[in-house]
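The values are calculated or read from the model by the stated rules, or taken from the named source; none is laboratory data. In this text the structure is predicted, and so the values were computed from the model without any measurement. All Cβ positions, even for glycine, are placed from backbone atoms using ideal geometry, and neighbour counts span all protein chains on display.
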Amino acid sequence: MTHILAIDQGTTSSRAIVFDGDMRPVATAQQEFTQHFPASGWVEHDAEEIWDTTLATMREAAGGRDITAIGITNQRETTLVWDRATGTPVHKAIVWQDRRTSDFCSELKAAGHEALVTARTGLLLDPYFSATKLAWILDNVDGARTRAEAGDLAFGTVDSFLIWRLTGGSAHVTDATNAARTMLYDIHRGCWDEEICALLNIPTSMLPEVRDCASDFGVTDVLGTPIPILGVAGDQQAATIGQACFEPGMMKSTYGTGCFALINTGDTPVISQNRLLTTVAYQLDGKTTYALEGSIFIAGAVVQWLRDGLGIIEDAAQTGAMAADAAPELTLVPAFVGLGAPYWDADCRGAIYGLTRSSGPNEFARAALESVGFQTRDLLEAMQGDMGAGDGAALRVDGGMTASDWTMQFLADITGAPVDRPRVLETTALGVAWLAGMRAGVYPDQAGFAATWALDRTFTPDMDKATRAARVAAWKDAVKRTLTGG
């Protein structure tokens with residue numbers, strides 16, 4: 001029987017999901033790994049732990065099944081540099097949430113470089129992206145720059161590192177969606193930008209080869225027999241594919257550690273006037289499809305904070321019932337590592353407003369869940385401003401938080417738009433499974449795949465306009481107070 005194995009390497013855990021010939025998940029394995037916070041605003045992962053958990057979950061999920069092909073989806077922007085001869089990382093992986101290069105980005109902005117970066121890459125000058133993280137490693141790890149200039153070091157996002165390890169160092173590659181998140185890739189010409197690399201003093205010899213999302217990325221034998229790696233996409237683009245958002249104007253929002261909303265703009269790279277990102281949605285058969293993206297740094301992570309930071313819950317599933325029992329008196333701005341779109345304030349930090357003597361765990365849980373809805377509304381407003389789209393249009397959602405009916409209902413209420421939850425919530429893994437399976441010739445083409453998308457439930461807005469306006473005004477006031485210039 002045909003099986004496709006999808007590696008879903010995320011920010012807090014590594015997972016492997018096996019899909020059968022009908023694209024149904026039949027086996028899953030997951031392992032969390034350690035989050036390292038060496039300084040305020042710094043976030044790191046041990047690359048060896050990423051590798052170990054990925055390999056372990058692959059083997060557990062495969063369970064002796066016949067695997068036809070492998071797809072890889074990954075946390076984007078997270079930056080790794082390793083020795084080409086040994087495969088050993090020269091430093092811990094610097095995670096997408098990390099803000100250590102905030103001052104460097106400010107210097108580049110002050111020098112007038114952001115216009116060039118945005119025109120070429122579709123991105124803003126922000127520590128979120130890989131480029132300044134890579135520059136930091138070269139400048140701060142002893143001998144790294146000399147070794148890089150000698151051609152001895154390789155750079156990659158997590159997908160590239162995993163492919164390197166899976167293929168025994170024979171393939172140093174990435175796909176167009178991950179390349180587009182590095183701030184080094186010209187999304188219009190489809191190549192690494194030598195001028196930006198020179199600006200940041202990054203040797204181009206470190207960079208991987210860029211391929212389509214469905215392509216030949218190498219062969220691995222870690223499961224005992226040779227298996228081709230045929231699909232790769234960054235997690236948010238993989239979810240866009242898994243949600244079958246193949247037509248311009250279709251939107252999806254994924255709720256994992258962060259939240260990321262994308263709207264398909266077709267073959268036109270729309271330049272945002274509202275500080276959204278222009279990015280590659282996917283690239284198939286050499287043809288690039290673009291998207292506008294809004295990035296929220298803290299979504300599911302705010303629930304993790306309730307559990308691990310405050311200790312007021314034991315499991316994320318508790319939060320819905322707690323929120324339902326609480327009055328909407330608190331407003332939480334979860335700027336634990338700054339705020340993403342549309343604010344892009346790397347230096348502000350989280351704040352909570354409205355505290356009284358009666359504020360307790362239930363109120364904190366409600367404020368945490370509501371913060372995700374408010375931030376999503378900000379993104380949809382920005383998309384509407386750029387495209388005239390998104391106002392009342394259905395939003396397809398996926399990711400762990402979408403299992404919470406309370407959270408999804410609040411999302412519909414505060415955005416004033418229907419929220420469509422699919423039957424298959426693992427759309428990120430499904431997206432790359434389809435890429436690999438389609439490339440292998442065992443899954444349907446794009447139109448056939450889109451026809452398989454199935455609805456679980458639509459959440460319809462049930463909040464009156466006056467209440468919504470008041471809640472949104474309170475949120476915007478809280479954000480204004482939290483921003484560094486507020």
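Report yes if some residue within segment 399-407 is assigned to a helix (DSSP H, G or I), polar (S, T, N, Q) and assigned by TED's automatic domain parsing to the domain that holds residue 281; otherwise report no. Break it down into steps so the answer makes sense when it comes.
To start, the set of residues in segment 399-407 that are assigned to a helix (DSSP H, G or I) comprises 400-403, 405-407.
So of that shortlist, the ones also polar (S, T, N, Q) come out as 402, 407.
Filter once more, so that each one left must be assigned by TED's automatic domain parsing to the domain that holds residue 281: 402, 407.
So far as segment 399-407 goes, yes, one or more of its residues are assigned to a helix (DSSP H, G or I), polar (S, T, N, Q) and assigned by TED's automatic domain parsing to the domain that holds residue 281.
Against the condition under 26 Å from residue 154 (Cα atoms), of a type outside the set (Asp, Glu) and either touching a strand residue (DSSP E or B) at 6+ places or on another chain (Cβ under 9 Å) or part of a strand (DSSP E or B) (or both), how does residue 29 come out, does it pass? Steps first, please.
On the way: under 26 Å from residue 154 (Cα atoms): no; of a type outside the set (Asp, Glu): yes; either touching a strand residue (DSSP E or B) at 6+ places or on another chain (Cβ under 9 Å) or part of a strand (DSSP E or B) (or both): yes.
When the stated conditions are applied, residue 29 does not pass them.
Contact map, segment 320-331: first residue in the same structural domain as residue 369 (by TED's automatic domain parsing), second residue surrounded by 21 or more Cβ atoms within 10 Å (Cβ to Cβ) and assigned to a loop (DSSP other than H, G, I, E, B), Cβ cut-off under 6 Å, separation 6 or more or different chains; pairs are 320/404.
Taking segment 70-103 on its own, how many of its residues are in a strand (DSSP E or B) and not charged (D, E, K, R)? Don't jump to the end; show me each part of the working.
Taking segment 70-103 as the starting set, the residues that turn out to be in a strand (DSSP E or B) are 70-74, 79-83, 89, 93-94.
Now drop any that are not not charged (D, E, K, R), which leaves 70-74, 79-82, 89, 93-94.
Matching residues across segment 70-103 total 12.
Restricting 50, 4, 72 to residues that are over 16 Å from residue 229 (Cβ atoms), buried (at least 17 other Cβ atoms within 10 Å of the Cβ), of a type in the set (A, V, I, L, M) and touching a residue at least 40 places away in the same chain (Cβ under 8 Å) narrows the list to 50.
Restricting attention to helices (runs of 4 or more DSSP H) lying wholly within segment 412-486, give those where 3 or more residues are small (Gly, Ala, Ser) and in contact (Cβ under 8 Å) with a residue 60 or more places away in the chain.
Numbers: elements: 427-440, 446-450, 465-482.
By residue number, 427-440.
The residue pairs whose first member lies in segment 121-132 and is farther than 13 Å from residue 338 by Cβ and assigned by TED's automatic domain parsing to the domain that holds residue 103, whose second member is assigned to a helix (DSSP H, G or I) and among the acidic types (Asp, Glu), and whose beta carbons are closer than 6 Å, counting only pairs six or more residues apart or on different chains, are 125/114.
Listed conditions (1) modelled with pLDDT of 90 or more; (2) out of contact with any Ser or Thr (no Cβ under 6 Å at 6 or more places or on another chain) are all met by residue 420, apart from (2).
In segment 291-298, the count of residues that are closer than 21 Å to residue 479 by Cβ, buried (at least 22 other Cβ atoms within 10 Å of the Cβ), among the polar types (S, T, N, Q) and in contact with a strand residue (DSSP E or B) (Cβ under 6 Å, 6 or more places away or on another chain) is one or more. Does residue 374 qualify as being of a type outside the set (Gly, Ala, Ser), buried (at least 23 other Cβ atoms within 10 Å of the Cβ) and over 22 Å from the mean Cα position of the chain (by Cα)? So residue 374 fails the test.
If you scan segment 393-414, which residues turn out to be farther than 18 Å from residue 258 by Cα and either hydrophobic (A, V, I, L, M, F, W, C) or touching a helix residue (DSSP H, G or I) at 6+ places or on another chain (Cβ under 9 Å) (or both)? Quick ask: steps written out before the conclusion?
Narrowing segment 393-414 to residues farther than 18 Å from residue 258 by Cα: 393-394, 405-406, 409, 412-414.
Matches in segment 393-414: 393, 394, 405, 406, 412, 413, 414.
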